[in-house]
Structures are given as structure tokens and as C-alpha cells.
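Take a look at this one; I'll ask things after.
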Amino acid sequence: MTRRTVAGLIGLAVLALAWIGPVPAFARQAFAGHMTMHVLVVAVAAPLLAIGIAGGRFDISSRHPILFSPVLASVIELVVVWGWHLPVLHHAARMSHGMLLLEQASYLAVGLLVWLAAFGGGECRGKSDRNQRAAAGIAGLLLTSMHMTFLGVLLALAGRPLFGHAGGVADGMSALNDQHLGGVIMLVVGGTSYLLGGLYLLGGLLREKRDAVSVR
């Protein structure tokens, strides 16, 4: 079994945990649970699935280079993620199964877009093009890490609840503390995942440059 296959299977398992495991029940009770579902999809399952897809027959990133431009993909994800955290849309996703399905599907789509833009198509390009794509991937992932971190900080440090719906809060936690916990989850898991992805690409780029220098 190849590394790509293992990564893809683990990614599917994480999706199952996020969507049909205990997490959805927690998400119905608390904002922190909803945020846990969110980061599992975009920051854990999506990169694993992208690794499983990258370089294979289902990797369409090299056929659609404009759409899969890493910086453009990051901007698209920013619009989608921040849009779903507008109070009216967040409330709709918490209260309606149909809107929740739309929210989660859009999270998975933009997550795969960003991670495939960064990791995909490597086997289909020459070394120079691959290095340029890696550099663009670093920029895209670091930009995504920044906006995820910023959103997490806003939620974690807000002085009042930002979402007005009257959803239940687990374990007697206040709505504000629940929101703060959700922000910390976004900050730690969401921000860190994209940062690590960018650093991984940077490490590979530096190794290639070092090897090229040593050959000379």
C-alpha cells in the first residue's frame, strides 16, 4: 500500500469522524463542537485526501492551473470560511440540516482546492515548474494560516458572544466561553495545519536547492 493510499484512507476516516462520529452531536450542543467539525474537514481530512490524490489520475490541478493557483485558492477559502462565520449564515448552518450539509460540502471543496493547489500536479511538471509551484504553495498555505489564525484570535478574544442563536451549550459552559474555546480550536488546529504544510513545502524546496548546489 502506497503512502498516497494510506493518506487518502486516513483522510476518509477523519471525514467519517467529523460527519458521522460523535462530533456532529457535540456540534449541535456547542459552538466549539461546530468548530471542531470545521477544522477536522479543512485542516485534517482535506490535506490527507489531497496527498492521496496528488499526482494521481484524479489530480486535476495541472489541467486547471488558474483555478488551482495557490494564492487564488487561499483567497477563495478565505471568502467561504469567513462567509460561513457571518452570524446569519452560521445560525442557518446550526439550525438547518440542509444548510449544514451545504456548509460542510463547501468546506471540503475549498479545503481540497487549497491543499491540491499546494501539493498537486508535482509528477506532471518539470523540476523548475515544480519548484515555482512549491514556492506559490508556500505563499498560499501561509496566507491561509494567517487568515485562519486571525479568525481564531477574533473568536477567542471577543468580549461578547458574536452569534445570537440560542443553541445549547455543553457542560454548562457559557456562550462566551464556548465561543472562546471554538476560537482556540481554530487558532491551534486550523492555523497550525496550514503553517506546517507551508513549512513542509519550504523544507523540500530548500533540500532541492542544497542538492543542486552540491552537484555543482
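Hey, L102 hits all of (1) at pLDDT 95 or above; (2) touching a Leu at 6+ places or on another chain (Cβ under 8 Å) but one; which does it fall short on?
Only one criterion in (1) at pLDDT 95 or above; (2) touching a Leu at 6+ places or on another chain (Cβ under 8 Å) is unmet by L102, namely (2).
A quick yes/no check of all residues on (1) at pLDDT 95 or above; (2) of a type in the set (A, V, I, L, M):
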residue: L151; (1), (2): yes, yes
residue: V169; (1), (2): no, yes
residue: Q179; (1), (2): no, no
residue: Y194; (1), (2): yes, no
residue: G198; (1), (2): no, no
residue: L202; (1), (2): no, yes
residue: L205; (1), (2): no, yes
residue: D211; (1), (2): no, no
residue: R216; (1), (2): no, no
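Another question about this same structure. Could you list, in sequence order, all residues of region 68-116 that are closer than 14 Å to R133 by Cβ and of a type in the set (A, V, I, L, M, F, W, C)?
F68, V71, L72, A73, V114, W115, L116
When the residues of region 1-44 are filtered to those that are within 24 Å of F58 (Cα to Cα) and not in a helix (DSSP H, G or I), which remaining residue is modelled with the lowest pLDDT?
Only one residue tops the list, namely M1.
For region 153-167, give me the residue count where each residue is at pLDDT below 90 and either under 20 Å from V44 (Cα atoms) or part of a helix (DSSP H, G or I) (or both).
Matching residues across region 153-167 total 0.
Let me ask another. Any chance region 56-71 includes a residue that's part of a helix (DSSP H, G or I) and either farther than 18 Å from G182 by Cα or of a type outside the set (D, E, K, R) (or both)?
yes
Here's something else I'd like to know. Mind counting the residues in region 86-100 that are buried (at least 16 other Cβ atoms within 10 Å of the Cβ) and in contact (Cβ under 8 Å) with a residue 24 or more places away in the chain?
Matching residues across region 86-100 total 4.
Based on what the data block shows, is S74 in contact with a helix residue (DSSP H, G or I) (Cβ under 6 Å, 6 or more places away or on another chain), crowded, with 20+ Cβ neighbours inside 10 Å, among the hydroxyl-bearing types (S, T, Y) and assigned to a helix (DSSP H, G or I)?
So S74 passes the test.
Cβ-Cβ distance below 6 Å, separation of 6 or more or different chains: which pairs start in region 1-17 with a residue that is over 15 Å from L40 (Cα atoms) and in contact (Cβ under 8 Å) with a residue 12 or more places away in the chain and end on one that is surrounded by 12 or more Cβ atoms within 10 Å (Cβ to Cβ) and of a type outside the set (V, I, T)?
R4/G52
Per-residue answers, yes or no, for (1) within 25 Å of I138 (Cβ to Cβ); (2) among the charged types (D, E, K, R); (3) within 15 Å of the chain's Cα centre (by Cα):
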residue: F26; (1), (2), (3): no, no, no
residue: D59; (1), (2), (3): yes, yes, no
residue: H64; (1), (2), (3): yes, no, no
residue: V88; (1), (2), (3): no, no, no
residue: A93; (1), (2), (3): no, no, no
residue: L100; (1), (2), (3): no, no, no
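The values are calculated or read from the model by the stated rules, or taken from the named source; none is laboratory data. Here the structure is a predicted model, which means the values were calculated and not measured. Note that each Cβ is placed from the backbone with ideal geometry, even for glycine, and that neighbours are counted across all protein chains shown.
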